[in-house]
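Data block below; observations after.
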Amino acid sequence: MLKRVSLWLALSAVLSGLASAADYTQFTAPGLAKSQITHDDIAPLIDYYQQQDWLEVSELGRSVEQRPMYLLKIGHGERKVLAWSQMHGDEPTATAAIFDLLAVLDAQQQQQAGADSKRAGWQQNVTLYLIPMLNPDGAERNSRFNALGIDVNRDALALQTPEGQLLMQAAKKIKPHYGFNLHDQNRYHAAGDSKKPATISLLAPAYNEAREINPSRHAAMQLVSAVKPLLDKVLPEQQGRYNDAYSIRSFGDTFSKMGISTVLVEAGGQFNDPFRQQARQINVQLYLSWLDLISTGRYREYDLSGYNSIPMNNSGGMKDLIISNINLPKADGNGVLAKVDLAFTAGGNGRGQVVLDEIGDASIYGGYYTLDASGMRYSAGKAYPLTGPLTLTAERYVQLLADGYSHFSGEAGLLNNSSGMPVAVNPRGVNKPWPQRRLTTTFLLSKDNAVQLAVVNGRLIRLADASLLDAFSGN
Ligand SMILES: [Zn+2]
């Protein structure tokens, strides 16, 4: 069921935090490299681990819609660690990482079984409790919220949800010293002013409005400082520190107040990595590092300089598509009025409808796809009227675009699009000589009066080879 490795060396390298990403992928749990992970995806993995004797798997309880949540217990040490993932149902990366961690530990057990040796060092000193997928109903809907529409991570005080109640009960029963609150953040967070995505963001959440640092929060910050060298190695320039504004209803902040040294881990976007597989791998490396650091207590040797040196998350610092240096025509169509950049984002982490959300100077943003359109001229393009059935091949479509048609008007049902490319029928925002903020997503870019590029519903088409160029493809 799980990919195994026989190379103890590779495993040792992973455990010491020195493994390259290539080594690490050998421990990938199957079937989880996708944008939505549901209870059905993890059920066979849970079944497998229920049959293994090196960990305990129990049902933590049931969600609103009676889907089971699980509590996994590993090790038998005095230092207790509680980690939970996917309390926001549409944030699955850490759930995959937890099962990768289990694959590493399982491989380690197989390796050690024959040698009749002791368990991994940290399991002598640490007991690890894992709750993968705290919000299976939200996972089923690919939604942040639970089946009642409640944000479970704003339910730490009121405890109105069974999911929140179960997490709080687990914390009160287990009394963990350390908590790991595992999330995904939207892909528009940049790491500081790097113009690159914050692929991993960390936070030791505040326990009061003043954001004071008590011994418990200090320890959480030290845990972050202690993994800074690892992050510098695997993710230079793409680490972020999450905002520490006190959020009284959130579990991280509440656990912090309860004296649990809590670290928030946010998996973020990465170029050409729609399913966040790099963040997933780094999550596992972080978990292994933290288990070792907690077991040995070595994290106490770190001051807070590592923590404080992580650049703040720059919310909205990333765009999905940036086209820069576009010449806008004068109102009469002659000459150049202005040279501008256009920046687009899509909702739903790149899977939703594309929106033009910046016109002007986009130089402060990073783009998942960027294009310098210097020398190219904007035009809204003409409407091609649908007066009868039209089968649109790629060849025909490119010819229409080259002839200055950017979109179709009339009855959408008359168009049979077999071009493999997006089409716009009766789009808004095409009736002005200039692009309109939050409206225009369909237009043409020309050089020397020849159309080079078409943007259609925010998707970028290159006419020369009829290809889609943007970062939305494959998401
Ligand atoms: Zn979240």
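The values are calculated or read from the model by the stated rules, or taken from the named source; none is laboratory data. Not measured: the values here are computed from a predicted model. When we count neighbours, we look across all protein chains shown, and the Cβ atoms used for this are built from the backbone with ideal geometry, even at glycine. Areas reflect the complete protein model, heavy atoms only, side chains present, ligands, DNA and RNA absent. Shrake-Rupley method; radii C 1.70, N 1.55, O 1.52, S 1.80 Å.
Once the piece of chain linking Asp332 and Ile364 is laid out straight, how much longer is it, given 0.36 nm per residue of separation minus the C-alpha distance between them? Let's see the in-between values first.
Values: separation 32, 0.36 × 32 = 11.52 nm, distance 3.14 nm.
Roughly 8.4 nm would be gained on extension.
Using 0.36 nm per residue and subtracting the Cα-Cα separation, the extra length available between Thr387 and Leu468 on full extension is 26.4 nm.
Could you let me know the centre-to-centre spacing of segment 383-430 and segment 43-82, using Cα atoms, in angstrom? Cα centres, segment 383-430 to segment 43-82: 53 Å.
Specify whether the C-alpha gyration tensor of segment 49-164 places it in the rounded, prolate or oblate class, a ≥ b ≥ c being the square roots of the eigenvalues: rounded for a/c under 1.5, otherwise prolate if a/b is larger than b/c and oblate if not. Kindly include the intermediate steps, with their values, before the conclusion.
On the way: a/c = 2.69, a/b = 2.16, b/c = 1.25.
Prolate, since a/c reaches 1.5 and a/b exceeds b/c.
Relative contact order of the chain, taken over Cα pairs closer than 8 Å and 6 or more residues apart, is 13 percent. Apolar share of the accessible surface for segment 279-328: 45 percent from carbon plus sulfur atoms, 1.4 Å probe.
With a 1.4 Å probe and all protein chains left in place, how much of the accessible area of segment 99-249 comes from carbon and sulfur atoms, in whole percent? If you can, show how the numbers build up before the last one.
Numbers: 2730 of 5670 Å².
Exposed carbon and sulfur together represent 48 percent of the surface.
Going by average Cβ density within 10 Å per residue, which order do the peptides 185-192, 124-131 take, highest to lowest?
Values: 185-192: 23.1, 124-131: 21.2.
The densest-packed peptide leads the list: 185-192, 124-131.
Solvent-accessible area per residue in the chain equals 41 Å², computed with a 1.4 angstrom probe and all protein chains kept. The lysines whose alpha-carbon is closer than 17 Å to the alpha-carbon of Lys233, local same-chain residues fewer than 8 away aside, are Lys196.
Of all lysines in the structure, the ones whose alpha carbon falls short of 17 Å from that of Lys173, not counting any fewer than 8 places away in one chain, are Lys73, Lys80, Lys257. Listed by chain and number, the aspartates and glutamates whose C-alpha is less than 15 Å from the C-alpha of Lys432, apart from same-chain residues fewer than 8 away, are Asp332.
With a ≥ b ≥ c the root eigenvalues of the C-alpha gyration tensor of segment 8-315, is it rounded (a/c under 1.5), prolate (a/b larger than b/c) or oblate? It comes out rounded by the Cα gyration axes.
Axis of helix 277-296 versus longest Cα principal axis of the chain: the two differ by about 20°, to the nearest ten degrees. Of Glu237, Glu209, the residue with the largest accessible area leads and the full order is Glu209, Glu237 (1.4 Å probe).
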